[in-house]
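The values are calculated or read from the model by the stated rules, or taken from the named source; none is laboratory data. As the structure is a prediction and not an experimental result, all values here were calculated from the model. Every residue, glycine among them, receives a Cβ derived from its backbone with ideal geometry; neighbour counts consider all protein chains shown.
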Amino acid sequence: MTSMEFEGRTEREAVAKAAAELGSESFDVEVLEKSGGLFGRNKVRIRVRTLSAIPDPMASGDSSSAGSVKSKKQNNRPAQKENRPVERKKRVEEPEVDIDPPEEKVLKAVSSFVEGMIERMGY
C-alpha cells in the first residue's frame, strides 16, 4: 500500500493536489492536521493511500471480511453543467426626472461645511 502526504490551505485543495499528482481519483484520505492560522493562513495536512494497492476482498472470495473493509472514494470532478441558453431580461427604461439645481443657500452651507472639515484636517 502506498501512502503520501499533501498540504493545502483547505482540505479540498490538499485532495486536489493529491489527485493531480497521483493521476487517480480513487484513494483513501486521512486528515492528519488542521491548523487555523491568523488572517486566512490555514493549513491542512492529509495522508493519501491509493486504492489500487488495497486488495479487493470480493476478488479473494473471502466473504467474511468483505464487510469489514471500507474506503472513502474521492471524486473531485466538478459536476457537468448543462449548457442552456440564458434568458436575457429586457431593461426597463426609467423615465427621466427633472431635478432642480440646489438652492444657493444649500450650496453655501455645504461649501462652508467642507471647507471647515478640510481646515480641521490641516490642509
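Would you call residue 66 farther than 21 Å from residue 5 by Cβ, surrounded by 10 or more Cβ atoms within 10 Å (Cβ to Cβ), over 29 Å from the mean Cα position of the chain (by Cα) and modelled with pLDDT of 65 or more?
no
Give all pairs with beta carbons closer than 9 Å in which a residue from region 99-123 that is without any contact (Cβ under 8 Å) to a residue 12 or more places away in the chain meets a residue that is in a loop (DSSP other than H, G, I, E, B); count only pairs at least 6 apart in sequence or on separate chains.
So the pair list comes out as 107/101; 110/102.
Kindly establish whether residue 44 is free of Cβ contacts under 8 Å to residues at least 40 places away in the same chain, part of a strand (DSSP E or B) and surrounded by fewer than 13 Cβ atoms within 10 Å (Cβ to Cβ).
In short, no.
Working only within region 87-112, note down all residues that are of a type outside the set (Val, Ile, Thr) and surrounded by 10 or more Cβ atoms within 10 Å (Cβ to Cβ).
Correct list: 102, 107, 108, 109, 111, 112.
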